[in-house]
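The values are calculated or read from the model by the stated rules, or taken from the named source; none is laboratory data. Keep in mind it's a predicted model, so treat the numbers as computed, not measured. Because the Cβ atoms are built from the backbone with ideal geometry, glycine has one as well, and the counts that use them run over all protein chains shown. The protein model used for the area step is the full one, side chains on, heavy atoms only, and it has no ligands, DNA or RNA in it. Shrake-Rupley method; radii C 1.70, N 1.55, O 1.52, S 1.80 Å.
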Amino acid sequence: MTTKTEDLDRLILEALDADDRAVLGDLAEEPGYFAQAFGLFRGKLAWVMWVAYVVNIIGAGLAIFAAWKMFQATDPIMTMRWGVGVIVAVNVGLFMKGGLGLQMQNNRILRELKRVELQLARGHARESV
């Protein structure tokens, strides 16, 4: 984290009262990579993430199988065909993996937006009192 971000976080925490700090306690620390990755498989879009993950595994399996067949082939045309199969299967797997990464980034952004929304709601509630 950069010093500007750390300074901003420190200023935000100083502006909040004790109740707000308690509520933000869960949101203050960003979860680790594995917690975020496993978090993809919960929630409304969990089924989509599971499908993408299964397709990713199938793509990897097909790529390994096609690579094995490619190296076993003696005919140059069959070698090329299996090689194209490897490329297609790897691209499918990478596409699915990219989708999982984008969803993880979206979850991080939504988490930060919820933090800001909570801070704004707390500030608005204090102003109306």
**Filter result for LYS44 (of a type outside the set (S, T, N, Q) and not in a helix (DSSP H, G or I))** = yes
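Conditions (1) modelled with pLDDT of 90 or more; (2) open to solvent by 70 Å² or more (accessible area, probe 1.4 Å), marked per residue:
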site	(1), (2)
PHE34	no, yes
GLY39	no, no
LYS44	no, yes
VAL55	yes, no
ILE58	yes, yes
ALA73	yes, no
ILE87	yes, yes
GLU112	no, yes
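Results for (1) assigned to a helix (DSSP H, G or I); (2) among the hydroxyl-bearing types (Ser, Thr, Tyr); (3) without any contact (Cβ under 8 Å) to a residue 12 or more places away in the chain; (4) in contact with a Leu (Cβ under 9 Å, 6 or more places away or on another chain), shown as yes or no for each residue.
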residue: VAL54; (1), (2), (3), (4): yes, no, yes, no
residue: TRP68; (1), (2), (3), (4): yes, no, yes, no
residue: PHE71; (1), (2), (3), (4): yes, no, yes, no
residue: MET78; (1), (2), (3), (4): yes, no, yes, no
residue: GLY98; (1), (2), (3), (4): yes, no, yes, no
residue: GLN103; (1), (2), (3), (4): yes, no, no, yes
residue: GLU112; (1), (2), (3), (4): yes, no, yes, yes
residue: ARG115; (1), (2), (3), (4): yes, no, no, yes
